[in-house]
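Here's the structure, in structure tokens; my notes come after.
The values are calculated or read from the model by the stated rules, or taken from the named source; none is laboratory data. Bear in mind the structure is a predicted one, so any value in this text is a computation, not a measurement. Every residue, glycine among them, receives a Cβ derived from its backbone with ideal geometry; neighbour counts consider all protein chains shown. Ligands, DNA and RNA are excluded from the accessible area calculation, which covers all protein heavy atoms including side chains. Shrake-Rupley method; radii C 1.70, N 1.55, O 1.52, S 1.80 Å.
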Amino acid sequence: MASDGAGPVIQMRNVNKWYGQFHVLKNINLQVSKGERIVICGPSGSGKSTMIRCLNRLEEHQAGDIAVDGIQLTNDLKNIEKIRREVGMVFQHFNLFPHLTVLENLTLAPIWVRKVPKAEAEASAMTYLERVRIPEQANKYPGQLSGGQQQRVAIARSLCMNPKIMLFDEPTSALDPEMVKEVLDVMISLAETGMTMLCVTHEMGFARQVANRVIFMDYGEIIEQNKPEEFFRNPQNDRTKLFLSQILH
Amino acid sequence: MTAPTATTELKPPALSQGWLGWARENLFAGPLNTLLTILTVWLLLATVPAFIDWALLKAVWSAPTASVCREAAGGACWAFVYEKHRLILFGLYPFEEHWRPMLVVVIFLAMIGLSCLRRFWTPWLALYWIVALTAVGILMWGGVLGLTYVENERWGGLPLTLILSVFGIAFAFPLSILLALGRRSNMPAIKALCVIYIELIRGVPLISLLFMASVMLPLFLPTGVNFDKLLRAQIAIILFAAAYLAEVVRGGLQALPKGQYEAADALGLSYWQKTGLIILPQALKLVIPPLVNTFIGIFKDTSLVVIIGLFDLLNSLKASLVDPAWPGFSAEGYIAVSLIYFALCYFMSKYSQALEARLATGHKR
Ligand SMILES: Nc1ncnc2c1ncn2[C@@H]1O[C@H](COP(=O)(O)OP(=O)(O)OP(=O)(O)O)[C@@H](O)[C@H]1O
Ligand SMILES: [Mg+2]
């Protein structure tokens, strides 16, 4: 559609959101072009999750425009469903469906939303499970897997829908340290395929390695954004400096 | 590592082992515990042997008349139950046609048994039920296939109880799911409607609903429009049960983590796909115990139809108790009927436990 050209796949213009009186997102302007990999960081409560959750309408914004893949995000349910088909999301707590096997978790949306025949959906699910390196777990239930394995299944589940954009909301922060790497490795190899990615994460090594751009948010605003080398070497804003000094020690 | 032999050779202290250890831990762990144990044993000794004596040892199993039974027995007179079992089981249904309600009971039990097996959980099951219920209707009413017509005023006993509870649960359950979903809906009108319905119906006793359905409803209907008493009672039971079940289902919906809804949304599932594939399977599994608890309640509550003069199992027992030829055997009668209720409720309870175990899929996150 509209995104086939060089235009941005995500376009946020003057986006504002309130929870009651509380102003969570203040005049957010963000453009992401195809294939870009963006890392979003910032203190707790700064609105990072809220911002990326607005992109697939898990949260509703109250002012401003959001267009994803050329589709305007309005209250029109049709548009919302179209966008959700193109945007994959990985959550902090995996949110796998515990009553379904790993394979069923992966094939559910392709079968019901994309109307892919079951056999075909299963074949493609297996290739994604191989990509996240756990094909042998296909017939287990999520409750029988480790946290790192569950998160890799969750990534594979999103990929099975062939999304154009992947959103990650702190995908490694609920994991034990020894499992962080296996998930990051999967994300890195995903970045290598040219996927457009927006990751909320505090894994600064990951940001250095794969991001094209790092965004720093505080109090609902985008304070600063830059290429990773510049961002880490030479932060401009005092709040950014303070934040970096805290997380990098 | 330390030497394993040192730890493996340590034996647990003798007193924490064997039945003596068990008794000490569980029955005589302290003064209060000991007192309760003694009290319980005394109560059991005072009642159980006497009951066994009455119900089994001194009981009379067959006797030609009531007075013979009375004189011969130092205990229960089960001959009464034997004498009256057809009246108790089938109520006022024409005597020579009793094979029909008998067959109905068999059909119901077979279908319930079938529905419990996971192998049969396919869309075909709905078809089997439609066929079975049609057969039930034909058998009970007759009037076709050479069966004599029996108006439903004369239906009674166990088939009636089964009809009321099976139809009651079968219609109330889906209705309750819609009510529970409606109560959590974003649409204010639908939400308000469901809340009002649930709170209103839950706020009145079933007896008054039945009474309203049978006595007051006809007053509001235009003369000539008169749908039958059994149907009205059935509808009252369905409406009542649905309100109760709706709250149970809502409990399950609320217990699901928000992340499940979000993951389903993020994958692009529509509302009904999300509800049918992700939310309900998990929510209903969570509430199997209270659901079955409510089912059992509904099953027993059907006996309240006595208030509007329907002869369910309990009421047909009452009818048989007033036979002047067999007076004064209510203890035996009630025990016999209770056993039927108990068998069915116990089955439901056991089945729900088995189902829960079957549906468990590893530990929860
Ligand atoms: N449903 C809600 N109702 C009211 N306030 C909310 C709600 N959700 C989030 N908030 C508030 O909005 C602010 C931003 O929340 P958000 O989850 O986007 O922060 P975050 O940057 O992702 O933080 P974290 O790093 O802790 O995940 C927080 O102050 C939070 O308390
Ligand atoms: Mg967050």
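What does the accessible area of B:ARG232 come to, in Å² to the nearest 10, when a probe of 1.4 Å is used?
20
For the range B:157-359, what relative contact order do you get, as a whole percent, if you take Cα pairs closer than 8 Å and at least 6 residues apart?
Once normalised by length, the contact order is 29 percent.
Each residue of the range A:140-147 in order: what ³J(HN,Hα) in whole Hz does its phi give by Karplus 6.51 cos²θ - 1.76 cosθ + 1.60, θ = phi - 60°, with x for Gly and Pro?
Using θ = phi - 60°, the values come out as 8, 8, x, x, 9, 9, 6, x Hz.
Taking the Cα of B:ALA55, stepping 7 Å toward and past its beta carbon, and measuring to each backbone N in the range B:77-118: which are under 14 Å?
B:77-78
Under a point-charge model restricted to the Cβ atoms of Lys and Arg (+1) and Asp and Glu (-1), what is the dipole moment magnitude of the range A:1-158 relative to its Cα centre, in debye to the nearest 20?
That gives a dipole near 180 debye.
Measuring from centroid to centroid over Cα atoms, what is the spacing of the range B:269-292 and the range B:321-347 in Å?
39
Using a ≥ b ≥ c from the Cα gyration tensor of the protein assembly as shown (square roots of the eigenvalues), is it rounded, prolate or oblate, where a/c under 1.5 gives rounded and otherwise the larger of a/b and b/c decides, a/b for prolate? Numbers along the way, then the final one.
Working: a/c = 2.86, a/b = 1.87, b/c = 1.53.
Since a/c reaches 1.5 and a/b is larger than b/c, the shape of the protein assembly as shown is classed as prolate.
Counting only C-alpha contacts under 8 Å and six or more residues apart, can you give the relative contact order of chain B as a whole percent?
Normalised by residue count, the contact order of chain B is 19 percent.
Over the range B:234-365, with the other protein chains present, what is the accessible area per residue in square angstrom, probe 1.4 angstrom?
It amounts to 42 Å² per residue over the range B:234-365.
Positive end of the dipole of chain A, charges at C-beta (+1 Lys, Arg; -1 Asp, Glu), about the Cα centre: which of A:TYR219, A:VAL113, A:GLN21 has its Cα farthest in that direction?
Result: A:VAL113.
Need the per-residue list for the range A:137-166: every residue with at least 50 Å² less accessible surface in the complex of protein chains than in the chain by itself, probe 1.4 Å, sorted by number.
A:GLY143
Mean separation of Cα pairs under 8 Å and 6+ residues apart, divided by the residue count of the range B:93-150: what relative contact order is that in percent?
The value is 37 percent.
Quick one: if you take sqrt(5λ) for each eigenvalue of the C-alpha gyration tensor of the range A:1-115, what semi-axes come out, biggest first, whole angstrom?
One finds semi-axes of 25, 19, 14 Å for the range A:1-115.
For a quick check, take a GNM of chain B with Cα springs below 10 Å and name the residue from B:VAL287, B:VAL105, B:VAL144 with the largest mean-square fluctuation.
B:VAL144
Show log10 I(q)/I(0) for chain A at q = 0.07, 0.12 Å⁻¹, two decimals, from a solvent-free Debye sum over equal Cα scatterers.
-0.23, -0.70
Roughly how many Å is it from the Cα centre of the range A:38-106 to that of the range A:122-195, as a whole number?
That distance is 17 Å.
So how tilted is helix A:177-192 from the main axis of chain A? Cα-based, degrees 0 to 90, rounded to 10.
Result, in degrees: 90.
Non-local amide H neighbours of A:VAL116 (under 5 Å, H modeled in plane, Pro and chain starts lacking H): which ones?
Correct list: A:ILE111.
Determine the gain in length on full extension of the stretch A:LYS26-A:TYR219; use 0.36 nm per residue of separation and subtract their C-alpha separation, reporting nm with one decimal. Intermediate results must be reported in sequence, preceding the final value.
Numbers: separation 193, 0.36 × 193 = 69.48 nm, distance 0.82 nm.
Additional length available on full extension: 68.7 nm.
Here are some pairs, B:LYS191/B:LYS229; A:LYS181/A:LYS227; A:LYS48/A:LYS227; which of them have Cα atoms lying more than 25 Å apart in this structure? The partial results should precede the final answer.
Numbers: B:LYS191/B:LYS229 32 Å; A:LYS181/A:LYS227 23 Å; A:LYS48/A:LYS227 18 Å.
Pairs exceeding the cut-off: B:LYS191/B:LYS229.
If the elastic network links every pair of Cα atoms under 10 Å, which of B:CYS194, B:CYS116, B:CYS77 fluctuates the most in the Gaussian network model of chain B?
B:CYS116
Please sort through the DSSP H helices of chain B and keep those with an alpha-carbon extent of at least 24 Å along the long axis and a Kyte-Doolittle average not below 1.6. Walk me through the intermediate numbers first.
Values: long enough: B:31-52 (31 Å, 1.82); B:99-116 (26 Å, 1.98); B:123-141 (28 Å, 1.75); B:157-183 (37 Å, 1.88); B:229-255 (40 Å, 1.14); B:330-359 (43 Å, 0.66).
Span-like helices, by this rule, are B:31-52, B:99-116, B:123-141, B:157-183.
Rounded to the nearest 10 Å², what accessible area does B:GLU356 show when all protein chains are kept and the probe is 1.4 Å?
80
Quick check for you: which residues of the range B:138-171 have the amide N under 17 Å from the point 7 Å beyond the Cα of B:TYR341 toward its beta carbon?
Only B:157-166 pass the distance filter.
Sort B:TRP141, B:TRP61 from largest to smallest accessible area, using a 1.4 Å probe on the heavy atoms of the protein chains.
So, going from the largest accessible area down, we get B:TRP61, B:TRP141.
Counting only protein chains, not ligands or nucleic acids, how are B:THR161, B:THR37 ordered by accessible area (probe 1.4 Å), most first?
Order by accessible area, largest first: B:THR37, B:THR161.
Buried by at least 20 Å² relative to the chain on its own: which residues of the range A:86-127 qualify, computing accessible area with a 1.4 Å probe on protein heavy atoms?
The answer is A:PHE91, A:HIS93, A:ASN95, A:PHE97, A:PRO98, A:HIS99, A:LEU108, A:ALA109, A:TRP112, A:VAL113 - residues whose exposure falls by at least 20 Å² when every protein chain is included.
Shape call for chain B from the C-alpha gyration tensor, a ≥ b ≥ c root eigenvalues: rounded (a/c under 1.5), prolate (a/b greater than b/c) or oblate? Walk me through the numbers on the way to the answer.
Details: a/c = 2.05, a/b = 1.06, b/c = 1.93.
Because a/c hits 1.5 or more and a/b fails to exceed b/c, chain B counts as oblate.
Based on Cβ point charges of +1 for Lys and Arg and -1 for Asp and Glu, what charge dipole magnitude is obtained for chain B about its Cα centre, in debye rounded to the nearest 20?
Values: 26 positive and 19 negative charges, 215 e Å.
My answer is approximately 1040 debye.
Length gain on complete extension for the stretch B:GLU25 to B:ILE196, per 0.36 nm per residue less the alpha carbon to alpha carbon distance?
Working it through step by step, the gained length comes to 56.4 nm.
Arrange the residues B:LYS274, A:LYS82, B:LYS258 by how much accessible surface each exposes, largest first, with a 1.4 angstrom probe. Spell out each step's value before the answer.
On the way: B:LYS274 25, A:LYS82 85, B:LYS258 145 Å².
Putting B:LYS274, A:LYS82, B:LYS258 in descending order of accessible area: B:LYS258, A:LYS82, B:LYS274.
Lys/Arg Cβ at +1, Asp/Glu Cβ at -1, dipole of the range B:157-359 taken about the Cα centre: which of B:ILE308, B:PRO327, B:ILE237 is farthest positive-ward?
B:ILE237
Highest first, please rank the peptides B:48-58, B:306-316 by the mean number of other Cβ atoms sitting within 10 Å of their residues. Write down the numbers at each step before the final one.
Working: B:48-58: 12.5, B:306-316: 20.9.
Top to bottom by mean Cβ count within 10 Å: B:306-316, B:48-58.
Straight distance only, please: which lysines reach the Cα of A:LYS140 with their own Cα at less than 16 Å, same-chain residues fewer than 8 apart left out?
Correct list for A:LYS140: B:LYS364.
Between the range B:180-233 and the range B:130-170, how far is it from one alpha carbon centroid to the other, in angstrom?
The range B:180-233 and the range B:130-170 have Cα centres spaced 24 Å from each other.
Hey, with R₀ at 25 Å, roughly what FRET efficiency would A:ASN234 and A:ASP65 work out to, going by the Cβ-Cβ distance, to 0.05?
On the way: r = 32 Å, r/R0 = 1.29.
Plugging the Cβ-Cβ distance into 1/(1 + (r/R0)^6) gives 0.20.
Can you compute the charge dipole magnitude of the protein assembly as shown about its Cα centre, using +1 on each Lys and Arg Cβ and -1 on each Asp and Glu Cβ, nothing else charged? Give it in debye, rounded to the nearest 20.
About 380 debye.
How tilted is helix A:102-112 with respect to the longest principal axis of chain A? Cα atoms for both, answer in degrees (0 to 90, nearest 10).
It works out to around 80 degrees.
Put a dot 7 Å past each Cα toward the Cβ at B:ALA189 and B:ASN152; how far apart are the dots in nm?
In this crude spin-label approximation the distance works out to 3.3 nm.
Considering only DSSP states other than H, G, I, E and B, which GluC sites (Glu not before Pro) in the range B:145-238 qualify as loop sites with at most 16 other Cβ atoms within 10 Å?
Those satisfying the criteria are B:GLU151.
How large is the helix-only mean residue ellipticity at 222 nm for the protein assembly as shown, computed as the sum of -39500 (n - 2.57) over DSSP H runs with n ≥ 4, divided by its residue count, in deg cm²/dmol to the nearest 500?
So the calculated ellipticity at 222 nm is -17500 deg cm²/dmol.
Give me the distance in nm between label points sitting 7 Å out from Cα along the Cα-to-Cβ direction at A:LYS227 and B:VAL48, one decimal.
8.5
Could you state the angle between the C-alpha long axis of helix A:118-131 and the longest principal axis of the C-alpha atoms of chain A, as a value from 0 to 90 degrees rounded to the nearest 10?
That works out to roughly 60 degrees.
Would you kindly enumerate the cysteines in the protein assembly as shown that have no other Cys beta-carbon under 4.7 Å from their beta-carbon?
Result for the protein assembly as shown is A:CYS41, A:CYS54, A:CYS160, A:CYS199, B:CYS116, B:CYS194, B:CYS345, no neighbouring Cys Cβ within the cutoff.
Return the single residue from A:MET179, A:MET197, A:MET187 with maximal mean-square fluctuation; model: Gaussian network over chain A, springs between Cα atoms under 10 Å.
Sorting by GNM fluctuation, first place goes to A:MET179.
Got a number for the accessible area of B:MET187? Probe 1.4 Å, square angstrom, nearest 10.
Around 110 Å² of this residue is reachable by solvent.
Could you state how much accessible area is buried at the A-B interface, both sides summed, with a 1.4 Å probe, in Å² to the nearest 100?
2100
Could you go through the range A:155-172 in sequence order and give the Karplus-derived ³J(HN,Hα) for each residue, using 6.51 cos²θ - 1.76 cosθ + 1.60 with θ = phi - 60°, rounded to whole Hz, and x for Gly and Pro?
So the J values, rounded to whole Hz, are 5, 4, 4, 5, 5, 4, 8, 6, x, 8, 9, 10, 10, 10, 10, 6, x, 10.
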